[in-house]
1. Considering only residues that are surrounded by fewer than 22 Cβ atoms within 10 Å (Cβ to Cβ), at negative phi and not β-branched (Val, Ile, Thr), look in the stretch 111-122 and name the one that is nearest to the chain's Cα centre (by Cα).
2. Based on this model, can you work out whether residue 98 counts as touching a Leu at 6+ places or on another chain (Cβ under 8 Å), in a helix (DSSP H, G or I) and of a type in the set (A, V, I, L, M)?
3. What residue, of 154, 98, is more than 23 Å from residue 39 (Cβ to Cβ) and either within 12 Å of the chain's Cα centre (by Cα) or touching a residue at least 60 places away in the same chain (Cβ under 8 Å) (or both)?
4. What are the residue pairs meeting all of these: first residue in the stretch 182-206, first residue within 14 Å of residue 72 (Cα to Cα), second residue hydroxyl-bearing (Ser, Thr, Tyr), Cβ atoms under 7 Å, and 6 or more apart or on different chains?
5. Please go through the stretch 69-81 and pick out each residue that is assigned to a helix (DSSP H, G or I) and touching a residue at least 24 places away in the same chain (Cβ under 8 Å).
6. So is residue 103 at pLDDT 95 or above and of a type outside the set (Val, Ile, Thr) or not?
7. Against the condition more than 16 Å from the chain's Cα centre (by Cα) and within 16 Å of residue 201 (Cβ to Cβ), how does residue 146 come out, does it pass?
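The values are calculated or read from the model by the stated rules, or taken from the named source; none is laboratory data. This is a predicted model, so every value here is computed, not measured. Here Cβ is always computed from backbone atoms with ideal geometry, including for glycine, and neighbour counts include all displayed protein chains.
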Amino acid sequence: MTTRFLAPLAIGFLIASCGESRNRQRAEVRQVFQKFSDAFFARDGRTASSHLSRRTFVYYDRVIPLARNEDGAGLSALPPLDLFSCLALRHRYSPEELTKLDSRKLVLDSFNRMVFPAGAPHFLDIGEIRIITPGVEAIAPVLLPPSEWHEDILVTFNREDGEWKMDLTSVFEALSEKIEPHLRDPSSSRAERALHYLRIHENEQIGSELLKPRN
């Protein structure tokens, strides 16, 4: 009798504990995003970058050599956000600077200028946080300029070294699906179309030399 009475209580306690743990983790993720935003807007690049997942840096360490070496055809074969990242890097850095650039320097340079690194979208806010794997991974929709919520574009937070970290590049796959249709044009290559949109985004004349290798 006692066992049958205690079992439902134990199950209820376990469910309540799990719910409390998830709420605590959501609060921790929200706090990390707020700390990141505060540092970013204060142009404290070092502090802002400390809240980024290793995956962000792995991404840029992979893309920077592409920005140095790929020609127009090679750029056209890249996924949309990789393509835009390469063009943005070639626009912002000289060939000599690209040779010495790594992901840490790129992120610090960008944050100190209060921009996101090479094609990464600027997150104004995050929405409702979902814990995917307790203590390991969480996701949230993002608010992107000009103040538009995107429920289908999710930023990922990963638990690393006991802290939640944000992966700036986790939204790239979903964004690529939205961008890809704009790069299809039988009269020009995907790289040329991307260059056209970069010119519009930067609001300045940008030459087609950006489609040539910078090594």
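1. The selected residue is 121.
2. The answer is yes for residue 98.
3. Step by step, each of 154, 98 is checked, and only 98 is more than 23 Å from residue 39 (Cβ to Cβ) and either within 12 Å of the chain's Cα centre (by Cα) or touching a residue at least 60 places away in the same chain (Cβ under 8 Å) (or both).
4. Filtered contacts from the stretch 182-206: 189/76; 190/76; 191/76; 195/208.
5. Scanning the stretch 69-81 gives 69, 72, 73, 75, 76, 80, 81.
6. Taking the combined requirement at face value, the residue satisfies it.
7. In short, yes.
Results for (1) assigned to a helix (DSSP H, G or I); (2) farther than 20 Å from residue 83 by Cα; (3) touching a strand residue (DSSP E or B) at 6+ places or on another chain (Cβ under 9 Å), shown as yes or no for each residue.
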{"residue": "114", "(1), (2), (3)": "no, yes, no"}
{"residue": "141", "(1), (2), (3)": "no, yes, yes"}
{"residue": "175", "(1), (2), (3)": "yes, no, yes"}
{"residue": "187", "(1), (2), (3)": "no, no, no"}
{"residue": "193", "(1), (2), (3)": "yes, no, no"}
